[in-house]
Amino acid sequence: MTAADEIEMAILNKAMSEDKWFEAKAVIDRHPKVLDVDFGASRGGTPLHIAAKFGHVGIVEELVRLVKPEYLEIFDYYGYTPLATTATHTGSIPIAICMIHKNRTALAIPAQRPWQIPVTLALFCGHNKLGRYLYSVTPLEVLKPEDDSVVGPEFLRTCLRIGEFDVALHLLQRCPELLFAKDADRNSTIANIALSLPHSLHKSQLPFLKRWAYHYIKIPSTTTTGHFCVDIQQEGEGSRAGHQGMKEIYKMKLQHAQAAEILNLVCQNLMLLPDDNKNVIRTALNFAAEQENAEFVLRVTKANPELISLVTNVHTSFPVFFRTVVECRKAAVFSLFRGFRFKIMAAATAAEETTNNLLHAAASLAPDSYLSRISGAALQMQRELQWFKAVESVVDPGYRLHQNKKGLIPLEYFKENHKELRAQGEKWMKETASSCSVVGILIVTIMFAAAITVLGGNNQNSGYPMFMKEKLFKVFLISDALSLFSSTTSVLVFLGILTSRYAEEDFLYSLPTKLIIGLSTLFLSIATMMISFSATIMIMLHDNSSRLWVTLPLTMLASVPITVFVLLQFPLLVKVLFSTYGPSIFKKKVEEWP
């Protein structure tokens, strides 16, 4: 290409990027070869690629009229056809319609990788409306898993990841064999369902009003029975709702219903399985364990009871499934297996190659992603002990003394793996106790001084306090005594925390209980101290005409320390109380396998 040609091409590109068709057409008239198929392929891109990238519908329509259908099959420098460029850049449906009418073959031409057909690219890049339209016009044969094609499985994986469950459900109902087909990473669609559906099978933790709205919002039956609508905005209560929150709840409930239908479809195709497909289910169950998708495990094993052997077979599954459940602290799945009527945990305790049994797996340190959700190293240590004790309760007693390759029984292995966390828990507990002790000692000093310094002095004749007959004086005495006794108790309890031995077992009940008592008595001492102060002020101003105007602001100010303590320390008290004496992290009542 000559220098003059390069200049003309630069003018053409600039005109198309600025949506100036007449200037672009003038260049094309002077150099018609720019629209030749061979010319565009040799340059690694065509004017149509540029127009598609900028989303200029008018220019695209004019160019499509001038070119041959093969022109839409040319790859640019990055390996994209004009339709693929539209799918990745602008997501323009009118441009896509124009190109497809010219050449429908472009729907099946992949981009850089064999599975990157336009419909998958559009959804992957966030152009959901275009993706839904392209799916409606893409031939089913393109997505079928023939000759080990990964196009369909990759498309389904993309749909599951971005929450387009109705599209995935519609395709799976049309082509159920895709359930066992594998994507580019050699993961089956069922495995991707196990990975993608955990958070879409149940409603999230919503406030009361939103839970009420979630319960009463009606989902059209067509949205959960394989019906597919090109427009991403479904008709119904969700689209009519004016409030954005209602739309979100409607969308959430719709996704939950569609996810449940996908799981139903999986279960319907698990009755008769060859050995190869059983291996697919085994992998899917392992993925479900990683994601704590207990419902997937339960429904799949109920659909085909023979599949339960895939996770209870000691020689093939313990190193993967049970180790994943126990080491990654998947409480919901663990609770499910505790609820099975037959004893599988005894089998699961069998040793693997490193001679670690199930209790050794429980003695390992939990992943950081799990521990980071728990506040404070002491509570993390407590949760680790709770998990270890729960697993210990289901294994045979003999396995508690079983030694691994290092010669350690499970409890010793637990202590070895939790040395650093135990030290961090001790530091956290001591720092908390020291800080609270300072406040407690200060309150003890103040309230003891207030008790021995009688308000208003004593009667010289009787020796009794001057305000002995005042009701507010009795309030002062009672609140002062309560504050003194409770603050003294809190100081002693915190002293007990500082002098504890800090053995691993102490983090289970002993130390948390002391912290609960210390924080509770400290809160009581602060509250009663403020009551005592308010009573004192009211007694001093009992004959003052401006008593109300003085005592009311002072009483309100007296509530500030209580409020500050509640905001800063009360959440900690609730967390410790809930973690120690609240509901177990393991469900006692779980749905049993029949």
From the options L83, L48, residue that is aliphatic (A, V, I, L, M), assigned by TED's automatic domain parsing to the domain that holds F22, in a helix (DSSP H, G or I) and within 21 Å of E154 (Cα to Cα): L83
statement: Reported set for the stretch 11-26 where residues are among the aliphatic types (A, V, I, L, M), under 15 Å from L66 (Cα atoms) and surrounded by fewer than 21 Cβ atoms within 10 Å (Cβ to Cβ) is A26
statement: From the option list S369, S364, single residue qualifying as of a type in the set (S, T, Y), at pLDDT 85 or above and not in a helix (DSSP H, G or I) is S364
statement: Scanning the stretch 473-530 for residues that are of a type in the set (K, R) and either assigned to a helix (DSSP H, G or I) or over 38 Å from the mean Cα position of the chain (by Cα) (or both), the one modelled with the lowest pLDDT turns out to be K474
query: Taking the stretch 55-66, which residues are out of contact with any Phe, Trp or Tyr (no Cβ under 6 Å at 6 or more places or on another chain), farther than 10 Å from S92 by Cβ and among the hydrophobic types (A, V, I, L, M, F, W, C)?
result: L63, V64, L66
- request: Report the residue count in the stretch 364-417 for those that are touching a Gly at 6+ places or on another chain (Cβ under 9 Å) and crowded, with 19+ Cβ neighbours inside 10 Å.
  value: 6
message: From the list C125, C159, exactly one residue is touching a His at 6+ places or on another chain (Cβ under 9 Å) and either closer than 30 Å to V280 by Cα or not assigned by TED's automatic domain parsing to the domain that holds V34 (or both). Which is it?
response: C125
statement: Those helices (runs of 4 or more DSSP H) completely within the stretch 243-336 that have 3 or more residues that are at pLDDT 80 or above are 244-268, 275-290, 294-303, 323-327
- prompt: Out of the residues in the stretch 415-458 that are within 30 Å of I537 (Cβ to Cβ) and of a type in the set (G, A, S), which is modelled with the lowest pLDDT?
  reply: G457
task: For the stretch 393-415, enumerate the residues that are touching a residue at least 12 places away in the same chain (Cβ under 8 Å) and assigned to a helix (DSSP H, G or I).
output: Y399, R400, P410, L411, Y413, F414, K415
message: Could you list, ordered by first residue, the pairs with Cβ atoms under 8 Å in which the first is in the stretch 438-452 and in contact (Cβ under 8 Å) with a residue 60 or more places away in the chain and the second is among the acidic types (D, E) and in a helix (DSSP H, G or I), at least 6 apart or interchain?
response: M447/D480; A450/D480
task: Mind listing just one residue for me: the one in the stretch 342-361 that is in a loop (DSSP other than H, G, I, E, B) and touching a Pro at 6+ places or on another chain (Cβ under 8 Å) and, of those, modelled with the lowest pLDDT?
output: E353
field: Near pairs, Cβ below 8 angstrom, 6+ apart or cross-chain, from the stretch 8-23 (on the phi > 0 side of the Ramachandran plot) to any residue that is outside any helix (DSSP H, G or I)
entry: D19/H56
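The values are calculated or read from the model by the stated rules, or taken from the named source; none is laboratory data. Not measured: the values here are computed from a predicted model. Heads up, the Cβs are rebuilt from the backbone with ideal geometry, glycines too, and the neighbour counts pull from every protein chain shown.
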